[in-house]
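**Q** Sharing a structure below in C-alpha cells format, with a few things to ask.
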Amino acid sequence: MVSYTLKLTAAAFLATVAATAAEAKCGDVTITEMNWASASIVTGISKFLMEQGCGCKVTVVPSATATAVTSVAETGRPDIVTELWLNGAPAYPGLVTAGKVKTLGNVLTPGGIDAWWVPKYLVNEHPELATVDGILAHPEWVGGKFHNCPEGWGCKITNNHLAEAFDLKGHGISVFDHGSGETLAAAIAAAYENKEPWFGYYWGPTSVLGKYEMVQVDIGPYNADVHACNAVETCSTPGKSAYPPAEVVTAATTDFEKREPEIAQLMSKVTFTNDQMSEILAWQEDKKASSEEAAVHFLTTYKDVWANWLSPEAKEKLAAVLK
C-alpha cells in the first residue's frame, strides 16, 4: 500500500508540473542511468529538470561505468554521463585530453567517501574514538574488532595494509572479513539497535550513512604514494594514509556542450552533498521506493537546493512547484 501510494504521488507530482513546461526550446538529449541507486536518482532529477524546466526531450540510456566511457569514446553518445566515478574510469582523462568530453561539475561534494568509522554514540561516550590513536589505546571500547570489506573488493586490500601499518593486531584488534556488503551493513544496523561497539570500513553516500549517525575516524592525512602502494596486493611497504575523496563528476560530450550550452550550464550546477544523497537513499530504502519516487522526494523536500540550479527562465516555468 505504501509503495502504491508513493507511485500515485510521484505520478501526480510529475503530471502537475508538466503543465508548466513551455514549448521545447532544446532538442533531444541522451543521458545515462548507471546501475546503482544514487546514479539512478541523479538521472531522474536531471531528466525532470531538463524536460519540465527547459523543454528538452530526454532519452535515458541504461549503462555502467566502463560501458558509458566506451560508448562516448566510440560513438559520441550518450550526450551526458550523469554520475561518473573517476576512480573506476581510467580511460576518462584521455577522452578529456582528446577533446571528446568535458567535465561539467562535481555531482557529489566533496566526492565519494571511503573511510573507517565508529558510531556517534561511542564518540559521545568516548571522544578519543574519533581518532585512530584513541582506538588503538582503547581497543575494548570498539569491541576489539575491525569490520573489513568482503573478498574481492579493492578496499579489502587497502584495509589489510592499513591494519598492518597501524598494527591493529598488536593493539588487540582483530580484522573480520565480511562475506558480503549486506552483512557489513547489517553489522552496523545491529550495533546501532543494541548500542554496541563497532569499528570498521564503510563508504558513502549510502543509505546506511543516511540512516545511522557515524563518525569518520581520523587516521591521518592522505599520502598519494602510500595510498597507491596500499591499494595493490603486492605492496611491500604498507603505510599510513587516509583514503582520498573519490571524484564523482557529470560529464558531457564536447559536441553536446556546444549544441546545448544552456543545458550544459544547468547540469554543471546539479550537485549533492554526501549527507543529502545518503538521506535520499535512506528514505528510498525505508519506503521501498523506486528511483522516480526518490527523485520526487528530493524535488519536494529540497526545493531551496535545486531552485538555485535553474536559470531565471527555467525557474519561472517551474514557479508552480517553487512556491
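The values are calculated or read from the model by the stated rules, or taken from the named source; none is laboratory data. Fair warning: this is a prediction, and the values are worked out from it, not measured in the lab. Cβ atoms come from the backbone with ideal geometry, glycine included; neighbour counts cover every protein chain shown.
For every residue, the table says whether it meets (1) more than 29 Å from residue 148 (Cβ to Cβ); (2) in contact with a strand residue (DSSP E or B) (Cβ under 6 Å, 6 or more places away or on another chain).
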{"residue": "71", "(1), (2)": "yes, no"}
{"residue": "76", "(1), (2)": "yes, yes"}
{"residue": "84", "(1), (2)": "no, yes"}
{"residue": "96", "(1), (2)": "yes, no"}
{"residue": "99", "(1), (2)": "yes, no"}
{"residue": "104", "(1), (2)": "yes, yes"}
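**Q** If only one of 232, 226, 215 is closer than 18 Å to residue 153 by Cα, of a type in the set (A, V, I, L, M, F, W, C) and in contact (Cβ under 8 Å) with a residue 12 or more places away in the chain, which one is it?
**A** Testing whether each residue is closer than 18 Å to residue 153 by Cα, of a type in the set (A, V, I, L, M, F, W, C) and in contact (Cβ under 8 Å) with a residue 12 or more places away in the chain leaves just 232.
**Q** Here's another thing I want to ask about it. Out of the residues in segment 129-146 meeting the condition of being crowded, with 18+ Cβ neighbours inside 10 Å and without any contact (Cβ under 8 Å) to a residue 40 or more places away in the chain, tell me which one is nearest to the chain's Cα centre (by Cα).
**A** 134
**Q** Given (1) in contact with a Gly (Cβ under 8 Å, 6 or more places away or on another chain); (2) modelled with pLDDT of 95 or more; (3) surrounded by fewer than 22 Cβ atoms within 10 Å (Cβ to Cβ); (4) assigned to a helix (DSSP H, G or I), where does residue 292 come up short, assuming only one miss?
**A** It fails just one condition, (2).
**Q** Pairs, please: C-beta under 7 Å, at least 6 apart or cross-chain, first residue assigned by TED's automatic domain parsing to the domain that holds residue 212 and in segment 170-189, second outside any helix (DSSP H, G or I) and of a type in the set (Gly, Ala, Ser)?
**A** Once the first residue is assigned by TED's automatic domain parsing to the domain that holds residue 212 and sits in segment 170-189, its partners that are outside any helix (DSSP H, G or I) and of a type in the set (Gly, Ala, Ser) give 172/144; 173/144; 174/144.
**Q** Answer with yes or no whether residue 166 is among the aromatic types (Phe, Trp, Tyr) and either in the same structural domain as residue 41 (by TED's automatic domain parsing) or touching a Gly at 6+ places or on another chain (Cβ under 7 Å) (or both).
**A** No.
**Q** Can you say whether residue 117 is under 30 Å from residue 194 (Cβ atoms) and touching a residue at least 40 places away in the same chain (Cβ under 8 Å), as far as the supplied structure shows?
**A** yes
**Q** Another one. Cβ-Cβ distance below 6 Å, separation of 6 or more or different chains: which pairs start in segment 261-275 with a residue that is assigned by TED's automatic domain parsing to the domain that holds residue 106 and end on one that is charged (D, E, K, R) and assigned to a helix (DSSP H, G or I)?
**A** Pairs that qualify, where the first residue is assigned by TED's automatic domain parsing to the domain that holds residue 106 and the partner is charged (D, E, K, R) and assigned to a helix (DSSP H, G or I), are 264/257.
**Q** I'm checking my understanding of the structure. Among residues of segment 196-217 that are touching a helix residue (DSSP H, G or I) at 6+ places or on another chain (Cβ under 6 Å) and more than 24 Å from residue 39 (Cβ to Cβ), which one is surrounded by the fewest Cβ atoms within 10 Å (Cβ to Cβ)?
**A** Looking at residues that are touching a helix residue (DSSP H, G or I) at 6+ places or on another chain (Cβ under 6 Å) and more than 24 Å from residue 39 (Cβ to Cβ), I get 213.
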